[in-house]
Amino acid sequence: MRLSRLARTASLAALGMGLALPLLTGIAVVRAPSEVLFSSLGFSSLVHIAPWQERLGRALALLPVACASLSLLLLGRGLRRVAAAAPSETGRFSVQLTSALARFAIWVALASGASILVPLLTGLVLSVGAPAGQGRLVLQIGSSAGFGLVASLAVLTLARLLAEARRLEAENAEFV
């Protein structure tokens, strides 16, 4: 009973964050002045930037959030299945759950990788047509991206472990 309640609560939290995160971040990215949005990339002046560069830079800024949001929606869906399964059912370790966990881990890894690559790609986009010496390529590697990659590998390992346990359980059931 406690597991079902915990899974239901975690599912609602993941689904809520998965829906709110892109919406709130999208509003912030659209409303932020270009100077503020791109200041971390080291551009002192944005006079040379064409409208298409600014739009593409803003779209790139949303890429890690989109990946993270999708991972949260997948996690919420998987946890909802756990909450719906009866305590005696094997549904808590079903193929759907382990595949949802694996997809969650993959999308978290993609979000972490995107958070490293997006500043580089944005700098490249914003440097097109820049005056000599004004172009910037920035590689930002933070602890949150590293943690995201390690956590996603751990969850992926757990998903594979559950899948292997399910396979062994089915194999043992044939002997009985």
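The values are calculated or read from the model by the stated rules, or taken from the named source; none is laboratory data. These numbers were taken from a predicted model, which means no experiment stands behind them. With ideal geometry, Cβ positions are generated from the backbone for all residues, glycine too; neighbour counts draw on all protein chains shown. Please note that ligands, DNA and RNA were not included when accessible areas were found on the heavy atoms of the full protein model with its side chains. Shrake-Rupley method; radii C 1.70, N 1.55, O 1.52, S 1.80 Å.
Six or more apart or on different chains, Cβ atoms under 6 Å: show the pairs whose first residue is in the stretch 146-173 and in a helix (DSSP H, G or I) and whose second is open to solvent by 60 Å² or more (accessible area, probe 1.4 Å).
Sorted first by the residue in the stretch 146-173, then by its partner, the pairs are Leu162/Phe93; Arg166/Phe93.
For residues that are touching a residue at least 12 places away in the same chain (Cβ under 8 Å), in a helix (DSSP H, G or I) and open to solvent by 30 Å² or more (accessible area, probe 1.4 Å), scanning just the stretch 40-59, find the one that is nearest to Phe147 (Cα to Cα).
Ser40
Filter the stretch 1-59 down to residues that are of a type in the set (Gly, Ala, Ser) and in contact with a Gly (Cβ under 7 Å, 6 or more places away or on another chain) and give me whichever is nearest to Ile141 (Cα to Cα). Step through it out loud before you land on a result.
Filtering the stretch 1-59 down to residues of a type in the set (Gly, Ala, Ser) leaves 4, 7, 10-11, 13-14, 16, 18, 20, 26, 28, 32, 34, 39-40, 42, 44-45, 50, 57, 59.
With in contact with a Gly (Cβ under 7 Å, 6 or more places away or on another chain) added as a condition, the list becomes 11, 14, 18, 50.
Details: Ser11: 30, Ala14: 25, Gly18: 24, Ala50: 27 Å.
So, considering only residues that are of a type in the set (Gly, Ala, Ser) and in contact with a Gly (Cβ under 7 Å, 6 or more places away or on another chain), the one nearest to Ile141 (Cα to Cα) is Gly18.
Of Leu37, Leu21, Leu63, which residue is surrounded by 12 or more Cβ atoms within 10 Å (Cβ to Cβ), of a type outside the set (Ser, Thr, Tyr) and farther than 18 Å from Ser144 by Cβ? Give the derivation first.
Working: Leu21 fails: farther than 18 Å from Ser144 by Cβ; Leu63 fails: farther than 18 Å from Ser144 by Cβ.
Result: Leu37 is the single residue among Leu37, Leu21, Leu63 that is surrounded by 12 or more Cβ atoms within 10 Å (Cβ to Cβ), of a type outside the set (Ser, Thr, Tyr) and farther than 18 Å from Ser144 by Cβ.
Yes/no per residue for (1) assigned to a helix (DSSP H, G or I); (2) modelled with pLDDT of 85 or more; (3) under 13 Å from the mean Cα position of the chain (by Cα); (4) surrounded by 15 or more Cβ atoms within 10 Å (Cβ to Cβ):
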| position | (1), (2), (3), (4) |
| --- | --- |
| Val108 | yes, yes, yes, yes |
| Ala111 | yes, yes, yes, yes |
| Ile116 | yes, yes, yes, yes |
| Thr122 | yes, yes, no, yes |
| Pro131 | no, no, no, no |
| Arg136 | no, no, no, yes |
| Gln140 | no, no, no, no |
| Ser144 | yes, yes, yes, no |
